[in-house]
Amino acid sequence: MPVLSCSPAPQLKLRLLALTLLGAHALFAWGSVGHKIASQIAEAHLDPQAAAAVRQILGPNRHLADIANLADDVRDRRPETEPWHFVDIPLDATSYDPARDCPRGECLIAAIARFQAELAKPGLAPPARFEALYNLVHLVEDLHQPLHCEDNHDRGGNDVAVEFLGKAGNLHRAWDSGILDWMLRYHPDHWEFLARRLGRISRTEQSMWSRGTAEEWAMESHGLARDVAYQFHRPAAGPVALDMAYVRRAAPVVRRQLAKGGIRLAYLLNQTLGGGRPARL
């Protein structure tokens, strides 16, 4: 892969500013830990053929968790990738409308389809194959963060000031990392242990989650944004208080969405690179 400059050129900075003014989400779904958790769950559910293909792409002693955040790492240097990380489905909408929600085919749902098709191409050059893999991994996980699949005219909750358990922040950050940090508050470095716990999924749930389309999964996340993430009392002035009651409602959603993101990523990789079935079914 080409070496990327450490700082964006002035014209790229201008493009980043333009994206912000156009309403793009300045966000990073799940934070680095959440992406690693979902990726570890996915890798544990690859069938043997897909697992071998992933090892070939990544090289020795590398895992999906090692590349789970690359798509975020390059965003400041490749601003054209910004729209791939979200899909702006109006919060009160009941269905996905590509013409409305995915202009010019530049959104999370369309990007997942493109990178899955790219990864499936026979004879694809190794650098392009690696890039398709790391983008597909990251974006499928982004799709399961509810605030990446809705539009409430607040940049995915970035413009909603909150006090999360007394700490200043915004709604998007609370869902990216705040709730997960709270779950790991006693053992912040034990994300691998949490990944193993979340990956212990019943055969029934695994079978139910290993189906569907990115569009259907996005609408599922959209419903969680509407019914859980935005269910708070908004004061006339000042930040929204996200208290312990809110955290207790949200934490099970975060756990389940991380697990679903991992299982569904494995499902797509098994369909694209392997025999088409999860390893544990």
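Quick notes on this structure:
- Trypsin sites (Lys or Arg not before Pro) lying in DSSP loop within the range 158-196, provided at most 14 other Cβ fall within 10 Å: Arg185
- Restricting the range 90-193 to chymotrypsin sites (Phe, Trp or Tyr not before Pro) that sit in a DSSP loop and have at most 16 other Cβ atoms within 10 Å of their own Cβ leaves Tyr186.
- Computed over protein heavy atoms with a 1.4 Å probe, the carbon and sulfur contribution to the accessible area of the chain reaches 54%.
- Pairwise label distance in nanometres, Arg248 with Leu91, each label 7 Å out on the Cα-Cβ vector: 2.4
- Projecting the Cα atoms of Pro235, Ser210, Gly274 onto the charge dipole of the chain, computed from C-beta unit charges around the Cα centre, puts Gly274 farthest toward the positive end.
- Check: the range 130-281 dipole with +1 on Lys, Arg Cβ and -1 on Asp, Glu Cβ, in debye: 760
- Cα pair distances exceeding 25 angstrom across the range 152-281, given as percent: 36
- Contact order relative to length of the range 125-266, as percent, for alpha carbon pairs under 8 angstrom and 6 or more apart: 39
- Computed [θ] at 222 nm, helices only, for the chain once each DSSP H run of length n ≥ 4 contributes -39500 (n - 2.57): -15000 deg cm²/dmol
- The range 122-138 - phi-based ³J(HN,Hα) in whole Hz, Karplus 6.51/-1.76/1.60, Gly and Pro as x: x, x, 5, 4, x, x, 5, 5, 5, 5, 4, 5, 5, 5, 4, 4, 5
- When restricted to Cα atoms, the range 69-134 yields an Rg and a Dmax of 13.7, 44 Å, respectively.
- Restricting attention to the chain, the count of lysine pairs at 8 or more positions apart or across chains with alpha carbons under 29 Å apart stands at 6.
- Signed unit charges on C-beta, dipole axis of the range 80-121, positive-most listed residue Ala99, Thr81, Leu119: Leu119
The values are calculated or read from the model by the stated rules, or taken from the named source; none is laboratory data. Note that the structure is a prediction, hence the values are computed from the model and not measured. Every residue, glycine as well, gets a Cβ built from its backbone with ideal geometry; the counts of neighbours run over all protein chains shown. Quick note on the areas: whole protein, heavy atoms, side chains included, nothing else; ligands and nucleic acids left out. Shrake-Rupley method; radii C 1.70, N 1.55, O 1.52, S 1.80 Å.
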